[in-house]
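One structure below.
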Amino acid sequence: NEVMRMREMKDSGIEWIGQIPKDWKIARLCYLIDGYKAGPFGSALIMDKLSDEGNILIYTPETIATGNTELPTNKYLPECRKDEMQQFFVKSGDIIFPIVGSLGRAMVVNENMPIGIINQRLAKFRLSSNEIVYPFFMRLFGESDFFQKYIELMCKSSIIVNLTKMILHDIPVP
């Protein structure tokens, strides 16, 4: 890569990351994010109490996998449950991602997306550091196998891959 040749590089100190630009640092994800929140515990979001239409979308791993908020399988939270689910609402700038099953993908919520909450298989956070190059972070976190490999290593003894807050917080980020 021509940019890499022009830029002075250094060893990251982490074998699977390799070399990084000399002026970059490696930090644990927990120091770079705010507002981590996993979706509601299973029984809190009972499927038969959801609607097939409405104004409060239930974001799911399928939403992230397809990049589509208009799926035929979408479910909606009834307005009467809005207050009890307030902590799970997504805001523009939130990064939402699966924590069970198919990991290694993510989506940034933007102002054009429907009002909604995360379901029990998702979590959310916001980047808090202005030192992070946002598009670079999203390529690493949501589009490449960079974090996927780390997560697989950390969850290698599990039958069901589950991204815990502890594993997520410990991820090294260039």
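The values are calculated or read from the model by the stated rules, or taken from the named source; none is laboratory data. Note that this is a predicted model, so its numbers are computed, not measured. Counting neighbours? That spans all protein chains shown, and the Cβs are built from the backbone with ideal geometry, glycine included. Ligands, DNA and RNA are stripped out before the accessible areas are found, and what is left, the full protein with its side chains, is counted by its heavy atoms. Shrake-Rupley method; radii C 1.70, N 1.55, O 1.52, S 1.80 Å.
Given R₀ = 25 Å, what would the calculated FRET efficiency be for Ala27 paired with Val100, taking r from the Cβ atoms and rounding to 0.05?
So, using R0 = 25 Å, E works out to roughly 0.45.
Taking springs between alpha-carbon atoms closer than 10 angstrom, which of Ile58, Ile33, Ile14 fluctuates most in the Gaussian network model of the chain?
Ile14
Check which residues have an amide H placed less than 5 Å from Leu122's amide H, if you skip close sequence neighbours.
Gly39, Ile99
Please list, in chain and number order, the residues 5+ apart from Ala27 or on another chain whose amide H is under 5 Å from its amide H, with Hs placed from the backbone.
Close amide H contacts, sequence-distant or interchain: Val173.
If you rank Lys10, Lys22 by how much accessible surface each has, with a 1.4 Å probe, what is the order from largest down?
Details: Lys10 70, Lys22 110 Å².
Ranked list, largest accessible area first: Lys22, Lys10.
Taking volume of the Cα convex hull per residue in Å³ as the quantity of interest, determine which of (i) 123; (ii) 174; (iii) 134 was computed from the displayed structure.
Entry (iii).
Taking amide hydrogens as modeled 1.01 Å from N in the peptide plane, which residues meet the under 5 Å criterion relative to Phe89, leaving out close sequence neighbours?
none
Return the FRET efficiency for the residue pair Arg7, Thr164: r is the Cβ-Cβ distance, R0 is 22 Å, and the value is rounded to the nearest 0.05.
My answer for the efficiency is 0.05.
Which value, in Å² and to the nearest 10, is the accessible area of Tyr134 when all protein chains are kept and the probe is 1.4 Å?
Around 80 Å² of this residue is reachable by solvent.
Can you give the accessible area of Asp48 in Å² (nearest 10), computed on protein heavy atoms with a 1.4 Å probe?
For Asp48, solvent-accessible area is about 130 Å².
Name the residue farthest towards the positive end of the dipole of the stretch 1-119 from the options Ala44, Phe89, Ile26, assuming +1 on Cβ of Lys and Arg, -1 on Cβ of Asp and Glu, about the Cα centre.
Of the options given, the answer is Ile26.
Any chance you could look up the accessible area of Trp16 with a 1.4 Å probe, heavy atoms only, rounded to 10 Å²?
Its accessible surface works out to 90 Å², give or take rounding.
For the chain, what does the helix formula give at 222 nm: sum of -39500 (n - 2.57) over DSSP H segments with n ≥ 4, over the residue count, nearest 500 deg cm²/dmol?
-4000 deg cm²/dmol
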